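What follows draws every value from the coordinates through simple rules; no lab data is involved. Small disclaimer: the values here were computed from a predicted structure and weren't measured. Cβ sites come from the backbone with ideal geometry, for glycine too, and all protein chains shown count toward neighbours.
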Amino acid sequence: MLLIVAWMVIYAIVVAASIIFIGKPIEGNVHLGSLLRLLLDWRFLFGGFLALGARFVFVIINNLASKQPALSDAHLTVAALATQLSILTIIAANSIFLHEHLRPIQMVGAFIIVCGVFLVFR
């Protein structure tokens, strides 16, 4: 179970990093020239590589959870929880690294996610 939690943390960090790297080059107006530069931007390419890696980690989480006797019937729930926890990590990372500001309704949504995760793992 601890291994699954560790992979969930890795998943959340990799997903947040991929969004930061992919999102940083996308600024300003979008036109054909900016799209071509985007496809050659190392941050965008690295973010795509991280996003692909996150998919592999997601499969690992699902596989590990399906092999646990206590979680075998709920392994998709565990994978869904990994996705929800990654959303919280993305919110925090975007606030720190991309200087995005959260609106109160977004904070309420994050709180609801945390409560849902707590209730499922209770």
From F97, F21, F44, F58, grab the single residue that is touching a Gly at 6+ places or on another chain (Cβ under 7 Å) and not charged (D, E, K, R). F21
Within the range 25-46, is there a residue that is out of contact with any Leu (no Cβ under 7 Å at 6 or more places or on another chain), within 21 Å of M8 (Cβ to Cβ) and part of a helix (DSSP H, G or I)? no
Test I13 against the stated conditions and say whether it is over 22 Å from V117 (Cβ atoms), touching a helix residue (DSSP H, G or I) at 6+ places or on another chain (Cβ under 7 Å), of a type in the set (V, I, T) and in contact (Cβ under 8 Å) with a residue 60 or more places away in the chain. no
Quick check: is even one residue across the range 58-76 among the acidic types (D, E) and under 22 Å from M8 (Cβ atoms)? yes
Under 7 Å by Cβ, and 6 or more places apart or on different chains, what pairs join a residue from the range 98-121 that is closer than 21 Å to V78 by Cβ with one that is part of a helix (DSSP H, G or I) and basic (K, R)? none
If I filter the range 43-82 down to residues being out of contact with any Phe, Trp or Tyr (no Cβ under 8 Å at 6 or more places or on another chain), among the β-branched types (V, I, T) and in contact (Cβ under 8 Å) with a residue 40 or more places away in the chain, which single residue comes out as surrounded by the fewest Cβ atoms within 10 Å (Cβ to Cβ)? T77
